[in-house]
Amino acid sequence: MNQRIAIFTVQEIAQMVEQQKMILRNTELRHTRKIRQYVMEQFMNGDIYIPPITVSNNNGIYYVIDGNSRIRGILDILPQLSRLILSEDLEEQKKATQLNASLSDVPLAFQIYSDFTQQEREQLYLDANTKGKKVALSKRIAFDSRNTINIVTNELLQQHEALRFAGVEQEKVSMNRPANKNFLSLSQLRALIALFIVGKEAESNIYTQHVDEELIERRLPVLNAWLDELFKLEGPEKIGDYHISILASFLFVRALAYYALKGEEFVATSKKADYVRGRMKMLKHISWETCQPMWERFDGKYRGTSGLYFVNSNKKTLNQIIEWLCSEGGDVLLPRK
């Protein structure tokens with residue numbers, strides 16, 4: 001199998017696509033949009049990585065096998081920059097001109113095969129996207145220095161003693177309750193951290209999301225305050241055991257996070273951690289034992305031989321739990337206008 005590595009700049013790629021010397025597959029808009037966002041964000045930070053593009057050279061025509069969304073997402077930026085260059089806003093015009101000039105010269109690596117048939121190209125595309133070994137989330141969190149949420153997750157795992165004692169599942173993606181007695185999975189912990197740091201559980205970017213260090217410094221005390229109070233509601237030795245505690249259900253943990261954060265946008269930065277502590281302390285009267293029939297107020301059902309009640313893991317039930325927590329913990333006291 002004849003193959004080689006070559007480098008093309010973004011400008012060269014754009015010309016080849018325009019002249020139909022490089023043929024792209026149809027791509028999904030959501031994929032190209034995410035890649036476009038990633039390139040714009042990371043290019044401005046000077047920290048960008050685009051994996052090699054796989055193509056077949058058939059008589060001077062490059063058929064893109066894997067990397068179509070990457071190319072399309074990058075090329076979609078160029079017409080946007082062209083419009084901004086004509087903007088009446090001189091500062092916007094200057095930035096767009098600089099970015100356009102720099103982006104055009106960005107080199108991309110291509111792995112080039114020779115004279116693959118259409119069937120061979122399609123098979124290689126399927127193999128690349130279904131048989132490739134994925135890097136475990138635990139490895140990505142430990143080693144991905146570009147992803148700020150991963151960095152915070154790694155630091156929290158090392159520094160928060162109660163969290164370590166409660167247990168974070170690092171190998172399995174899903175938590176099989178009640179057998180698995182670790183408190184959270186890595187992906188669950190990561191979602192909670194993202195909620196406290198950037199205000200949403202899932203990152204919008206398929207590669208990474210750069211979070212300002214000052215924001216992290218402001219938000220970490222709030223997250224740590226919440227975790228400290230959470231382990232006062234249920235000790236770290238019990239919180240992952242579904243036979244004992246309903247808080248082994250991630251839906252309840254998520255609800256507690258949303259409950260604690262409700263109204264904190266109206267609180268001064270220096271007082272946000274104390275505010276979250278106060279919200280959590282208002283729930284200290286609740287018994288979190290799983291065996292109580294009170295949990296049947298939330299949508300769910302009894303499952304398996306354990307005879308335990310499992311709430312439905314959906315947005316409706318999440319909102320039911322948040323509403324109940326607010327009724328137990330009291331309303332948010334907003335400052336007077």
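The values are calculated or read from the model by the stated rules, or taken from the named source; none is laboratory data. Just so it is clear, the structure is predicted and the values come from calculations on it, not from any experiment. Neighbour counts are summed over all protein chains in view; Cβ atoms, including those assigned to glycine, are modelled from backbone coordinates with ideal geometry. Just so you know, the surface numbers come from the protein's heavy atoms only, side chains and all, with ligands and any DNA or RNA stripped out. Shrake-Rupley method; radii C 1.70, N 1.55, O 1.52, S 1.80 Å.
In table form, for the structure just shown:
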| read-out | value |
| --- | --- |
| Where residue 254 falls short, out of the listed (1) at pLDDT below 95; (2) within 24 Å of the chain's Cα centre (by Cα) | (1) |
| Residue that is most open to solvent (accessible area, probe 1.4 Å) [pool: residues in the range 103-118 that are of a type in the set (S, T, N, Q) and not in a strand (DSSP E or B)] | 118 |
| Flag if residue 114 is farther than 17 Å from residue 8 by Cβ and hydroxyl-bearing (Ser, Thr, Tyr) | no |
| Candidates 54, 97 - the one that is under 30 Å from residue 148 (Cα atoms), among the polar types (S, T, N, Q) and modelled with pLDDT of 95 or more | 54 |
| Pairs with Cβ under 7 Å, 6+ apart, first in the range 215-243 and over 21 Å from residue 153 (Cα atoms), second open to solvent by less than 20 Å² (accessible area, probe 1.4 Å) and part of a helix (DSSP H, G or I) | 233/280; 234/247; 241/248; 242/248 |
| Condition met for residue 2 (closer than 19 Å to residue 122 by Cα and touching a residue at least 12 places away in the same chain (Cβ under 8 Å)) | yes |
| Tabulated pairs, the range 301-324, first over 20 Å from residue 258 (Cβ atoms) and without any contact (Cβ under 8 Å) to a residue 40 or more places away in the chain, second of a type in the set (Phe, Trp, Tyr) and surrounded by 14 or more Cβ atoms within 10 Å (Cβ to Cβ), C-beta under 7 angstrom, 6+ apart or interchain | 301/310; 302/309; 303/310; 309/295 |
| Residue that is nearest to residue 179 (Cα to Cα) [pool: residues in the range 233-287 that are among the acidic types (Asp, Glu) and outside any helix (DSSP H, G or I)] | 241 |
| Subset of the range 302-318 (residues that are basic (Lys, Arg) and either assigned to a loop (DSSP other than H, G, I, E, B) or surrounded by 12 or more Cβ atoms within 10 Å (Cβ to Cβ) (or both)) | 303 |
| Of all residues making up the range 127-183, the number that are in a helix (DSSP H, G or I), at pLDDT 75 or above and of a type in the set (Val, Ile, Thr) | 5 |
